[in-house]
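A.B. asks: Provided herewith is a single structure, encoded as structure tokens, for subsequent inquiry.
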Amino acid sequence: MTVTLQRILTSEFPSWLDRSCTEFVGDLVTQGRSHEEAQRVAAESMNRSFPDGAPSPGNEVFHVMNEAGATVGYLWIGQDVSADPGAWWVWDVVINPDQRGHGFGRAAMLIGEEYARSHGAHSLGLSVFGFNTGARGLYDSLGYETTSVKMLKNLI
């Protein structure tokens, strides 16, 4: 299987931003937040990363392409917000639901690691929602280690 990354064009960016924000809202709702709060949190997060609603320095957004040249998902990767320029972060990796289970996520992560390494990264971090057991299994199998755990107990 051949997977490639293709940088999202500036003209495609607004629709990607809408998709990414919508997916983030869905994850936050699944995590237990209200739809209104999830929308606010997602909008604030995207505005911090893309204050002009366009690609910004330190963030790279790619289509994940299969061997036929069709888009099967996306990868958002870039420098971490820390002062360490060698610390990079996978902000988001999404494979389209109908394309999951074919190795595209694994391939995208490996290509993303190589991209980050070639741009000076010495580490690559990420966050994963606790309910996303498929992604957690993938990251474990790729050698990512748990560095913190955030826990919540609803009292209502």
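A.B. asks: Determine whether Val29 is touching a His at 6+ places or on another chain (Cβ under 7 Å) and over 25 Å from Asp140 (Cβ atoms).
C.D. replies: Values: touching a His at 6+ places or on another chain (Cβ under 7 Å): yes; over 25 Å from Asp140 (Cβ atoms): yes.
Yes; evaluated as a whole, the condition is true for this residue.
A.B. asks: Pairs, please: C-beta under 8 Å, at least 6 apart or cross-chain, first residue within 23 Å of Glu145 (Cα to Cα) and in region 89-103, second open to solvent by 30 Å² or more (accessible area, probe 1.4 Å) and part of a loop (DSSP other than H, G, I, E, B)?
C.D. replies: Hits for this filter: Trp89/Asp80; Trp89/Val81; Gly103/Met1.
A.B. asks: Let me ask something else about it. In this structure, is Asn154 touching a residue at least 60 places away in the same chain (Cβ under 8 Å) and among the polar types (S, T, N, Q)?
C.D. replies: On the way: touching a residue at least 60 places away in the same chain (Cβ under 8 Å): yes; among the polar types (S, T, N, Q): yes.
Judged against the criteria, Asn154 is a match.
A quick yes/no check of all residues on (1) in contact with a Phe, Trp or Tyr (Cβ under 7 Å, 6 or more places away or on another chain); (2) part of a loop (DSSP other than H, G, I, E, B); (3) of a type in the set (A, V, I, L, M, F, W, C):
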{"site": "Trp89", "(1), (2), (3)": "no, no, yes"}
{"site": "Val93", "(1), (2), (3)": "no, no, yes"}
{"site": "Gly112", "(1), (2), (3)": "no, no, no"}
{"site": "Arg117", "(1), (2), (3)": "no, no, no"}
{"site": "Gly130", "(1), (2), (3)": "no, yes, no"}
{"site": "Asn154", "(1), (2), (3)": "no, yes, no"}
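A.B. asks: Okay, next question. Quick test of your reading of the structure: Arg106 fulfils all but one of (1) outside any loop (DSSP other than H, G, I, E, B); (2) free of Cβ contacts under 8 Å to residues at least 12 places away in the same chain; (3) basic (Lys, Arg). Name the failing condition by number.
C.D. replies: (2)
A.B. asks: Ok, one more. I'd like to check something: does region 89-104 contain any residue that is open to solvent by 50 Å² or more (accessible area, probe 1.4 Å) and within 13 Å of the chain's Cα centre (by Cα)?
C.D. replies: Scanning region 89-104 turns up at least one residue that is open to solvent by 50 Å² or more (accessible area, probe 1.4 Å) and within 13 Å of the chain's Cα centre (by Cα).
A.B. asks: Would you check which residues across region 64-79 are more than 14 Å from Gly112 (Cα to Cα) and open to solvent by 10 Å² or more (accessible area, probe 1.4 Å) and list them? Lay out the reasoning, then the answer.
C.D. replies: Taking region 64-79 first, the residues more than 14 Å from Gly112 (Cα to Cα) are 66-72.
Asn66, Glu67, Ala68, Gly69, Ala70, Thr71, listed by residue number.
A.B. asks: Under 8 Å between Cβ atoms, which residue pairs at least 6 apart in sequence (or on different chains) link something in region 115-131 that is farther than 17 Å from Gln31 by Cα with a partner that is open to solvent by 50 Å² or more (accessible area, probe 1.4 Å) and not in a strand (DSSP E or B)?
C.D. replies: Pairs that qualify, where the first residue is farther than 17 Å from Gln31 by Cα and the partner is open to solvent by 50 Å² or more (accessible area, probe 1.4 Å) and not in a strand (DSSP E or B), are Gly120/Pro85; Gly125/Thr147.
A.B. asks: Here are the criteria: (1) assigned to a loop (DSSP other than H, G, I, E, B); (2) polar (S, T, N, Q); (3) under 17 Å from the mean Cα position of the chain (by Cα). Tell me which single one Thr2 does not satisfy.
C.D. replies: (3)
The values are calculated or read from the model by the stated rules, or taken from the named source; none is laboratory data. Computed from a predicted structure; not experimentally measured. Don't worry about glycine lacking a Cβ; one is built from the backbone with ideal geometry, like all the others, and counts go over all protein chains shown. Ligands, DNA and RNA are stripped out before the accessible areas are found, and what is left, the full protein with its side chains, is counted by its heavy atoms. Shrake-Rupley method; radii C 1.70, N 1.55, O 1.52, S 1.80 Å.
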